[in-house]
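Contents: one structure, followed by commentary.
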Amino acid sequence: MTASDPKEDLRVYLQDARDVLLWKLEGLSEYDVRRPLTPTGTNLLGLVKHMTGAESLYFGATFGRPFDGTPLWITGDAEPDADLWARPEESREEIVGRYRTAWEHSDETIAALPLDAVGRLPGGTRSEVTLHRILTHMVAETQRHAGHADIVRELIDGAVGQRRDDLNTAPFDPGHVERVERAAKEAGRHGG
């Protein structure tokens, strides 16, 4: 067994989540990548846009390495939730390209600094954080939104899983949803 590099382990998990988020856009129309599918408006392209801002903020400004392409919605001069949806004039290619550029900048920060490097979160509190904490946070944050994307994509066309060629999910069983619904109703009747 070989020892692993903790920083590289975190970066690999972060990259895996980034890749999952982007594959959820593949093969879909402009409408489908943008349409809100939850009561709060969650949509695939908005999740990518949101993560672009998060990477820019946490790996850029926090460590004194501002990202030239920091999106307007992060600098404070935008309407609330502007990072969670795409305007008609914002192309998918532009948003995905900006995300890739942001993560390249993030990876440069990760490579340049040790895990115990201290940064300061922009904003009112200016709290100090280490690169280790930011990396851990961003792995969790990106995986969380990749999970949202998985559900949204399933609602669009039924595609599920972590990877397009290795779904890591059980084969679809039409009777499964019926069994789950029956169990929920029974539990509801019994207060269980």
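The values are calculated or read from the model by the stated rules, or taken from the named source; none is laboratory data. As the structure is a prediction and not an experimental result, all values here were calculated from the model. Counting neighbours? That spans all protein chains shown, and the Cβs are built from the backbone with ideal geometry, glycine included. Note: accessible area is taken over every heavy atom of the protein model, side chains too, but ligands, DNA and RNA are not part of it. Shrake-Rupley method; radii C 1.70, N 1.55, O 1.52, S 1.80 Å.
Results, tabulated for the structure shown:
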{"item": "Per-region count, region 25-53, residues open to solvent by less than 70 Å² (accessible area, probe 1.4 Å) and more than 11 Å from the chain's Cα centre (by Cα)", "result": "12"}
{"item": "The listed residue being in a loop (DSSP other than H, G, I, E, B), open to solvent by less than 30 Å² (accessible area, probe 1.4 Å), modelled with pLDDT under 95 and out of contact with any strand residue (DSSP E or B) (no Cβ under 8 Å at 6 or more places or on another chain), out of 86, 78", "result": "86"}
{"item": "Single condition residue 61 does not satisfy, out of (1) out of contact with any His (no Cβ under 9 Å at 6 or more places or on another chain); (2) in a helix (DSSP H, G or I); (3) closer than 28 Å to residue 161 by Cβ", "result": "(3)"}
{"item": "Residue check for residue 142: at pLDDT 95 or above and within 13 Å of residue 60 (Cα to Cα)", "result": "no"}
{"item": "Region 102-119: number of residues that are open to solvent by 70 Å² or more (accessible area, probe 1.4 Å) and under 22 Å from the mean Cα position of the chain (by Cα)", "result": "3"}
{"item": "Verdict on residue 115 being in a helix (DSSP H, G or I) and either at positive phi or at pLDDT 95 or above (or both)", "result": "no"}
